[in-house]
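These notes are about the structure you will find just below.
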Amino acid sequence: MRWFLTMGFVTVGALAASAMPAVYEVTEVQDGGSITGRVTFKGTPPSGEKLVVSTDNEVCGTEKPSRALLIGADGGIRNAVARVRRIERGKAWHPVEHTLGQTDCRFEPHVLLMNPGADLHILNTDRIAHNVRSYGRGPVFNIGHPRLVEKLVVENLAEQVTDPDVIRIGCDLHPWMTSYIVIKEHPYYSVTDENGSFQLTDVPPGKYDLEIWHETLGEMKRAVTVRPKEETVVVFETGL
């Protein structure tokens, strides 16, 4: 059975404002349900912004399309982060190597989800000098990436910043380069695809808050109920 919920933006804020929970308990999920959803733009999408490329034009070109608000042909919003709140136990973490690439003078991916305690692997395939800097309150990390060094590693990234939730990343040498790293509280996180779609699986039955964060549009939130072996479908709508 499917359960449908539709809503629009209700608040604007930073995901980083919420505190990370002290403990997440890994347990076997019995009769888990799923949350499937879309984040969509209501109305006429704004025209895409072009970012001026001011240095290293022979490698980077002369302009880059902004990725601050990517809207598909059917209105789906890409690169929004969906996460379940108020969940203290559930499925195990999936081990993965977290990689932030510097390719064609852009960070890839634009939004990267990371497990707490994980290392950040930084690749440079452009063969020009970059640097990778975090922005936010308190201490930042700032790593120069020489053109002939392909890979660098930041160990336990969450310990390198004061607010390890949403971390904005930039390059001082190429100011149009921006990305976001989201440190997960638990495995129930997802980034929307080119259709604005996301899916969270093996969710323990119960009542939760489902939260969406987007770098330009802020936050939206809704209470959801996950029932055993059932799918809850949520549609978020927003406009500027």
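The values are calculated or read from the model by the stated rules, or taken from the named source; none is laboratory data. Since this is a predicted model, take the numbers as computed values, not measurements. All Cβ positions, glycine included, derive from the backbone under ideal geometry; neighbour counts span all protein chains shown.
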Given the residues ALA92, ALA68, ALA73, ALA129, which is the only one that is modelled with pLDDT of 95 or more, among the small types (Gly, Ala, Ser) and either within 23 Å of ASN195 (Cα to Cα) or under 15 Å from the mean Cα position of the chain (by Cα) (or both)? ALA68
If you take the residues of region 166-185 that are modelled with pLDDT of 95 or more and in contact with a Gly (Cβ under 7 Å, 6 or more places away or on another chain), which of them is surrounded by the fewest Cβ atoms within 10 Å (Cβ to Cβ)? THR178
Subset of region 205-221, residues more than 20 Å from VAL182 (Cα to Cα) and touching a Leu at 6+ places or on another chain (Cβ under 8 Å), comes to none
Per the filter on region 93-110, residues part of a loop (DSSP other than H, G, I, E, B) and more than 14 Å from VAL191 (Cβ to Cβ) are TRP93, HIS94, PRO95, GLU97, ASP104, CYS105
Just for region 186-200: of the residues that are farther than 28 Å from ASP126 by Cα and not polar (S, T, N, Q), which one is surrounded by the most Cβ atoms within 10 Å (Cβ to Cβ)? LEU200
Of the residues in region 113-122, those that are assigned to a strand (DSSP E or B) and out of contact with any Ser or Thr (no Cβ under 7 Å at 6 or more places or on another chain) come to LEU113, MET114, LEU120, ILE122
Would region 149-159 turn up any residue that is of a type in the set (Lys, Arg) and without any contact (Cβ under 8 Å) to a residue 40 or more places away in the chain? yes
GLU219 versus (1) in contact with a Gly (Cβ under 6 Å, 6 or more places away or on another chain); (2) under 30 Å from GLU63 (Cβ atoms); (3) of a type in the set (Asp, Glu): which is the lone unmet condition? (2)
Could you list all residues from region 123-139 that are in a loop (DSSP other than H, G, I, E, B) and surrounded by 15 or more Cβ atoms within 10 Å (Cβ to Cβ)? ASP126, ILE128, ALA129, GLY136
